[in-house]
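The values are calculated or read from the model by the stated rules, or taken from the named source; none is laboratory data. Bear in mind that the values here come from a model prediction, so they are computed numbers and not experimental data. Positions of Cβ are backbone-derived with ideal geometry, glycine not excepted, and every protein chain shown enters the neighbour counts. Accessible surface areas use protein heavy atoms only, side chains included; no ligands, DNA or RNA. Shrake-Rupley method; radii C 1.70, N 1.55, O 1.52, S 1.80 Å.
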Amino acid sequence: MAKSEKWIYYFSEGNTKMREILGGKGADLAEMTRIGVPVPPGFTITTKACAFFSANKKWPKKLEGQLKANIARLEKDMNKKLGDAINPLLVSVRSGAAVSMPGMMDTVLNLGMNDETVLGQVRKTGNERFAWDAYRRFLQMFGNVVMGVEHKYFEEALENAKHTKGVKYDTELDAKDLQRIVAVYKDIIRKHAGKEFPQDAKEQLKLSINAVFGSWNNQRAITYRELNHIKGLLGTAVNIQAMVFGNMGDDSGTGVCFSRNPSNGENAFYGEWLFNAQGEDVVAGIRTPLPMSELKKKMPKQYAELNAIRLKLEKHFKDMQDMEFTIQQGKLYMLQTRRGKRTAHAAVRIAVDMVKEKLIDEKTAILRVEPSQLDQLLHKTLDTVAKKKARLLITGLPASPGAAVGTVVFNAEKAVELGEKGESVILVRTETSPEDIKGMNYAKGILTARGGMTSHAAVVARGMGKCCVAGAGEVVVNEHEKKFCVKDAEVREGDWITLDGSTGEVFVGKIPTVEPALSGDFAVLMKLADKYRRLGVRTNADTPRDSEVAVKFGAEGIGLCRTEHMFFEGDRIKAVREMILADDLEGRKKALAKLLPMQRSDFIGIFTVMKHRPVIIRTLDPPLHEFLPKEEKDVEELAHETGMSVERIRQKTEELHEFNPMLGHRGCRLGIIFPEITEMQARAIFEAAAEVKKKGIPVKPEVMIPLVGIVKELELQKEIVEKVAAEVMKEKKVKIDYMIGTMIEVPRAAITADEIAKTAEFFSFGTNDLTQMGLGLSRDDAGKFLPAYVKLGIYNKDPFQAIDQEGAGQLMKICVEKGRRVNKKLKIGICGEHGGEPSSVEFCHRIGLDYVSCSPYRVPIARLAAAQAAVKEK
């Protein structure tokens, strides 16, 4: 460290731009001081000092001297002395990182109290009760935070004292009661900490600073940073500030307030306060706080001053503020201001209102709403009060947002049976397969023991807008006995459970849900996003209904229509299975002829809904064995329908079995070996396009060949599609404007993009498979260890949730550069689920993609994320 390192800044020396070293609290206290808001004087020990302490378990050399000098300056400003028996200075010691982490780190109030200064406070204030109450509070906080004594021992002693006196509230205890509690508290510290409470105020201060530094690495702070993806911070700053007291009588009080309503965004003063109290009383819930209207009645002068400060701070910081205040014997002090946390509804309304009020510009408004917050607006959520009281069973992966309440069922058939009767069910499976699609459609939510964020359950649920919790590893499903177990807990078919798809939590019983409500402000924000974004936003949709939902949410086309999802509906699966089980070309063609009108009908529905918008249709992708039945009764039923023996069906299934199907006979490899499949799908696409165009509706089909790794694969499949397109256009006497491209999901395709781009008219990144093959991770199995990898910092985020920009992302970058070098008109997008994840959308913007595509309910998130990427770039 440099010799001249400044470890401490007095509030008058800092400003709001110094958040990295002063922390958010310190920087904003300095800023309030700078603009003339009444703030008790104090100083901030920097986050760099915390980083030094964390690494070396001691203070940097110059810190002690700088602390002494700043305490002397504070004593001069306050005309009091720390530890002085006649005129004692009391201070608060509070944490404050660069990013707000409310309640995660430690605070000590009333520091400087001891057996002598308490008597000095009595003489100085003439208020014996106040002095002993301040001492009692300090002992409790210091004993807990610094000396490690559990909070409950102090609470028990306080409750005993109230019980003995026959009173309900702390405020009903007098000075003598509090004096006795102080003695009991000192005994508690002696007993549970194994040492005496220190009487020396300077020792108290050093120990408290160390405790706040140490709290940076306490478990709750670490967990909070993990959950909120907070990385790269040095540590916490420590704010040492002269104490002001809200517990000096009925002309004193303390409270927390917001410059606007954080729940709905209304531009109205919002908050609560308590008279004759200290700050922790408001948040502890021991006494019921009063609304701001009561402060206006009781202390109109102070209310008017606070309201003026509220407006001043909001205008200065140009954002909704969360403030703490104390009134000491009629004088108002501000103890904190920070950017207020808000619901999604409030975030959207505040951003839009502030543009109207000319407080911020449109670009700032776009940056004010977290894209991921929009999930709250698009899906049901759980009632927050009821959720806190509910029994948490397990936490899995938040695979698809929303909330679902229902009775447990263990197979798709039961889900359909009860769903058709209008009953609410949750489908619980070890893992889902394409056969479960109908049951998933009827279920309110899906819970799986295995599978990750891009598993079958997750992808299908997101497309349907269904709530899904996946990869809940401790869930052991016993379908035979119709129950699942989590450790000692047992949940049977018919029992009620509740899923929170936004957090991955699963609860026992029913929790009330809150319906989503899209406001006019939401539409205004989306309009602003569309004004500034460069990236197009499409949707992944397989049905006319999904397409309609996506268009409503602003999708500009379909980036991925998976034809195989259509194969599981109704009688189609029978024709698909007949095709797979056929022994020769003639048999396959006969079965495919049955599928043709069904596929054509699907495409007519989708083209009609999408109108002029482009529609990318992917030819068959999964391996054929996925379409064959696994359950004994289903095999027998298929044997009965086809006239084929059970043994023959099992033999065929065995023949199709692959050790690694994700790298096996699927995608374009199927179309090359069985060209009749590609022929049938191409015919269905172009006949549907011709029919819709004849109705006067413009159509833009784009045929996408999956799993191409070598240009020759694309050439062979393109030849078939072009031949069929020419035949259909000739038969139907109609000209159809279409394109043929490929999915880039095999690493070889990415690095030979200059070869493939000579044949392809568009590329679309299938980032789920590109991640799987590029990183050597099985997306269905990696969920077992990826959370640990993220925790250990091996990956910043789960690479199946957010693009691994240094790995899979570099393959994408190489592909874009090589492809565009030989084909200037090459259109490039992304259709993996990463297309709706904000950091991945920003990455796609940076490497020059034309569009992203995601499930319908993530379209608004992608639109906002794309706008933010464009605004940040400029």
Considering only residues that are open to solvent by 20 Å² or more (accessible area, probe 1.4 Å) and not in a loop (DSSP other than H, G, I, E, B), which ones fall in the stretch 723-748? K723, A726, E727, M729, K730, E731, K732, M739, P747, R748
Every residue from the stretch 771-821 that is assigned to a loop (DSSP other than H, G, I, E, B) and among the hydroxyl-bearing types (S, T, Y): S778, Y795
So which of L109, L119, L139 ends up being in a helix (DSSP H, G or I) and buried (at least 21 other Cβ atoms within 10 Å of the Cβ)? L139
Of the residues in the stretch 646-673 that are at pLDDT below 95 and hydrophobic (A, V, I, L, M, F, W, C), the one that is most open to solvent (accessible area, probe 1.4 Å) is F659
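Is it fair to say A591 is at pLDDT 90 or above, small (G, A, S) and open to solvent by less than 10 Å² (accessible area, probe 1.4 Å)?
Details: at pLDDT 90 or above: yes; small (G, A, S): yes; open to solvent by less than 10 Å² (accessible area, probe 1.4 Å): yes.
So A591 passes the test.
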Starting from residues that are in contact with a helix residue (DSSP H, G or I) (Cβ under 8 Å, 6 or more places away or on another chain) and open to solvent by 60 Å² or more (accessible area, probe 1.4 Å), keep the ones in the stretch 69-95 and report whichever is modelled with the highest pLDDT. K81
Show the residue pairs meeting these rules: Cβ distance below 6 Å; 6+ apart or different chains; first residue within the stretch 681-710 and farther than 27 Å from R588 by Cα; second residue not in a helix (DSSP H, G or I). V692/V699; K693/V699; K693/V734; I697/K611; P698/H612; K700/P614
Go through the residues of the stretch 632-645 one by one and say whether even a single one is on the phi < 0 side of the Ramachandran plot, at pLDDT 90 or above and open to solvent by less than 20 Å² (accessible area, probe 1.4 Å). no
Mind listing just one residue for me: the one in the stretch 304-335 that is aliphatic (A, V, I, L, M) and in a strand (DSSP E or B) and, of those, most open to solvent (accessible area, probe 1.4 Å)? L335
Determine the pairs where a residue that is more than 30 Å from F553 (Cβ to Cβ), located within the stretch 376-397, has a partner that is open to solvent by 80 Å² or more (accessible area, probe 1.4 Å) and modelled with pLDDT of 85 or more with Cβ atoms under 6 Å apart, the partner being 6 or more residues away or on another chain. I394/E474
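Kindly establish whether D106 is more than 17 Å from I189 (Cβ to Cβ) and touching a helix residue (DSSP H, G or I) at 6+ places or on another chain (Cβ under 7 Å). Let's see the steps before the verdict.
Values: more than 17 Å from I189 (Cβ to Cβ): no; touching a helix residue (DSSP H, G or I) at 6+ places or on another chain (Cβ under 7 Å): yes.
No, not satisfied.
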Quick one: count up the residues across the stretch 560-581 that are buried (at least 20 other Cβ atoms within 10 Å of the Cβ), over 37 Å from the mean Cα position of the chain (by Cα) and modelled with pLDDT under 85. 0
Among the listed residues K168, K176, K124, which satisfies the condition of being assigned to a loop (DSSP other than H, G, I, E, B), open to solvent by 50 Å² or more (accessible area, probe 1.4 Å) and not polar (S, T, N, Q)? K168
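For the structure I just gave you, tell me whether G340 is in contact (Cβ under 8 Å) with a residue 60 or more places away in the chain, among the small types (G, A, S), touching a strand residue (DSSP E or B) at 6+ places or on another chain (Cβ under 9 Å) and over 22 Å from S92 (Cα atoms). Steps first, answer last, please.
Details: in contact (Cβ under 8 Å) with a residue 60 or more places away in the chain: yes; among the small types (G, A, S): yes; touching a strand residue (DSSP E or B) at 6+ places or on another chain (Cβ under 9 Å): yes; over 22 Å from S92 (Cα atoms): yes.
Taking the combined requirement at face value, the residue satisfies it.
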Looking at G848, G819, G836 in this structure, which one is at pLDDT below 95 and closer than 23 Å to D804 by Cβ? G836
